[in-house]
Amino acid sequence: MSTVIGIAFGNTNSSIAYEKDGKVEVIANPDGDRFIPSTVSYVGSDEYSGLEAKAQLIRNAANTVTNFRDYLGKPFSNIDASAAKASSKPTDGGSAVAYKLERGNGEEAVSVDEIAVRHLTKLQEAAKDYIGKPIDGIVIAVPTDFDEATTKAVVKACEGAKMPVLQVISEPAAALLASDAGNAEISSGDRVSLVLDLGGIRSDAAVIATRGGVYTTLATHHAFGLGGNKLDDALVNYFAKEFEKKHKLNPLEDKRGVAKLVHESEAVKKTLSNTSSATFAIESLAGGIDYHGTVNRLRFELVAKAIFAEFNTFALEAVKKAGLDPLDVDEVLLVGGTANIPKIAKLLSSSFENATVVAPAVESKAVEPAELVARGAAIQAALVADFDESEIADSTQAVVTVAPHTTAPIGVKLADGSLKVIIPQDTPLPVKKSVVLPAKGSFFAQIYEGKHSIDEKEVTPTNDDDDSDFDDEPYTERTKKVEGTHLLGELGLDGITGDKVEVIVNITRELKLEISAREIGGAGVVRGVAGTAKLE
Ligand code: ATP
Ligand code: MG
């Protein structure tokens, strides 16, 4: 049995996960960190990594590289250099992005590929240390917007760090895989999930339909610059203003002052995910003056209000891109460090009324969101560990993104005109499903393709509840319904002796539809089967 691990490699943090005896663990590096900053720093010829490197952003920003993953495999002209504003600046290194670093031999240009290899080597060593065996292979997760060149550059960097890549999977698929493994009762069954990955410098969304255990990605959406760093910046500006009011000095005029405020703001923000108030203390912020105090969660929520609204809008946009309504979403899976923030989860709970929001603040069984991607990669790694190449290519269960699928619900029109759905929208093909309906003597059914629609009703609350805390503003109540819009076929049964029939719908990969019916446990005889049709 080979030794394999899963790697999450973010712009801000990386994690390593390992499955052993069916249990997945996120491995700490020798410093004890499970969320390992994707940061490399040089002081003379000494190399620092992880949290130690991140601490260098205050004193030694010019020789510290962070937020570099998204630069891999891209020419300098295609990158957004502003993402690295607090660290060494990315420059044009010809074939790749490069950094001008002082590593004890005068200034030299160091390619982003080399930085990635240095960082990934630290992860490899930490894993080898922990497991006690060399790493034979990894599964690594990348965002859904990575193209062939960027993915190749990531794979090459892993191999340069002595970690052969068995398979590359998408971050949202990894997260969903891990969440399903940990939360069978929340996540089992057919559903539409919105996987929302809120990181440090970017946010990513994927709308994924699960039908019979197969994932189909319906839409993806990305926002660059929307992430935890933006929240840190909002707190930095708030603290700077407060400090200036008191001391008539602007701490943002000095680079080191800014770096100290960023560092402390991030710590305050994280504390406020767990408790309702946080203390902060910064030595010599500006003019030799120390700055300390307390800030509560409500204040933070006020300071960050507009950014929280952006996360919410971002989520709604992703669902719109999939051609769905928020009411179609059954599950919102929150992923990434920023997903720990209670207010974000609460806003999403009200935007997605029908959905289970899976995040620590609203669902106690939720797995730590920042661990999900690494965990999923480890589960997939254990699955494919001893596969050969073609078997790995076939093991798309967790990874499928472009399976052919139905684009409308298909079902039986009932007497009241509503559609009893047999095959939900976004079901991967081929598929065969059936429904059991009551019948006496004879049975007739029409099979329709349908469409989802939303009923909107203005509701004016009646004011007969004296204890009501709610105001009496009218509001719109939205409910989801499915209507049959296009007749696909009809069928009937005669001579039914019992009281139940089964209607079976079969759709081939080529979109050929077959419908049939039979009496359950009885002698019903098929009359005029509708037979087959070709779906659009
Ligand atoms: P990206 O690629 O977007 O930079 P990433 O995948 O590397 O992101 P994550 O670890 O998912 O990074 O997210 C990092 C962000 O999450 C940071 O801004 C960090 O401050 C924030 N974060 C981590 N833990 C918490 C917490 N408990 N509460 C609030 N924010 C948190
Ligand atoms: Mg991430």
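Would you mind finding the one in L226, L285, L231, L198 that is away from ligand 2 (no atom under 16 Å from the Cβ), of a type outside the set (D, E) and either under 24 Å from the mean Cα position of the chain (by Cα) or not assigned by TED's automatic domain parsing to the domain that holds S82 (or both)?
Just a single option satisfies the conditions, and that option is L285.
Any residue at all in the range 319-329 that's more than 14 Å from the chain's Cα centre (by Cα), hydrophobic (A, V, I, L, M, F, W, C), outside any helix (DSSP H, G or I) and within 30 Å of K260 (Cβ to Cβ)?
Looking through the range 319-329, none of the residues is more than 14 Å from the chain's Cα centre (by Cα), hydrophobic (A, V, I, L, M, F, W, C), outside any helix (DSSP H, G or I) and within 30 Å of K260 (Cβ to Cβ).
Just to be sure I understand the filter: pairs with C-beta atoms under 7 Å, separated by 6 or more residues or on different chains, first member in the range 218-245 and under 27 Å from F146 (Cα atoms), second member basic (K, R) and in a helix (DSSP H, G or I). Which pairs pass?
Cβ pairs passing all conditions: A219/K321; H221/K321; L231/K269; D232/K269.
Taking T279 as the residue in question, decide whether it is in a strand (DSSP E or B) and surrounded by fewer than 18 Cβ atoms within 10 Å (Cβ to Cβ).
Yes.
Which members of the range 70-92 meet the condition of being surrounded by fewer than 18 Cβ atoms within 10 Å (Cβ to Cβ), at pLDDT 95 or above and in contact with a Lys or Arg (Cβ under 7 Å, 6 or more places away or on another chain)?
Hit for the range 70-92 is T91, nothing else.
Would the range 321-329 turn up any residue that is among the small types (G, A, S) and more than 16 Å from V268 (Cβ to Cβ)?
Yes, the conditions are met somewhere in the range 321-329.
Residue by residue, here is whether (1) in a loop (DSSP other than H, G, I, E, B); (2) in contact (Cβ under 8 Å) with a residue 24 or more places away in the chain; (3) within 16 Å of ligand 2 (Cβ to nearest atom); (4) out of contact with any Leu (no Cβ under 6 Å at 6 or more places or on another chain) holds:
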{"position": "I5", "(1), (2), (3), (4)": "no, yes, no, yes"}
{"position": "Y18", "(1), (2), (3), (4)": "no, yes, no, yes"}
{"position": "R34", "(1), (2), (3), (4)": "yes, yes, yes, yes"}
{"position": "A62", "(1), (2), (3), (4)": "no, yes, no, yes"}
{"position": "V65", "(1), (2), (3), (4)": "no, yes, no, yes"}
{"position": "S82", "(1), (2), (3), (4)": "no, yes, no, yes"}
{"position": "T91", "(1), (2), (3), (4)": "no, no, no, yes"}
{"position": "G94", "(1), (2), (3), (4)": "yes, no, no, yes"}
{"position": "L101", "(1), (2), (3), (4)": "no, yes, no, yes"}
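Do you know which of the residues in the range 202-223 that are within 23 Å of F308 (Cβ to Cβ) and buried (at least 23 other Cβ atoms within 10 Å of the Cβ) is farthest from ligand 2 (Cβ to nearest atom)?
Top of the filtered list is V207.
This table checks each residue for (1) surrounded by 20 or more Cβ atoms within 10 Å (Cβ to Cβ); (2) touching a helix residue (DSSP H, G or I) at 6+ places or on another chain (Cβ under 8 Å).
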{"residue": "P360", "(1), (2)": "no, yes"}
{"residue": "A381", "(1), (2)": "yes, no"}
{"residue": "P409", "(1), (2)": "yes, no"}
{"residue": "K433", "(1), (2)": "no, no"}
{"residue": "K451", "(1), (2)": "no, no"}
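Name the strands (runs of 3 or more DSSP E) wholly inside the range 154-248 in which the number of residues that are of a type outside the set (K, R) and touching a Ser or Thr at 6+ places or on another chain (Cβ under 6 Å) is 3 or more.
Filter on the range 154-248 gives 202-211, 214-224.
The values are calculated or read from the model by the stated rules, or taken from the named source; none is laboratory data. This one's a predicted model, so the numbers in the text were calculated from it and none came from an experiment. FYI the Cβ positions are ideal-geometry reconstructions off the backbone, even for glycines, and counts take in every protein chain you see.
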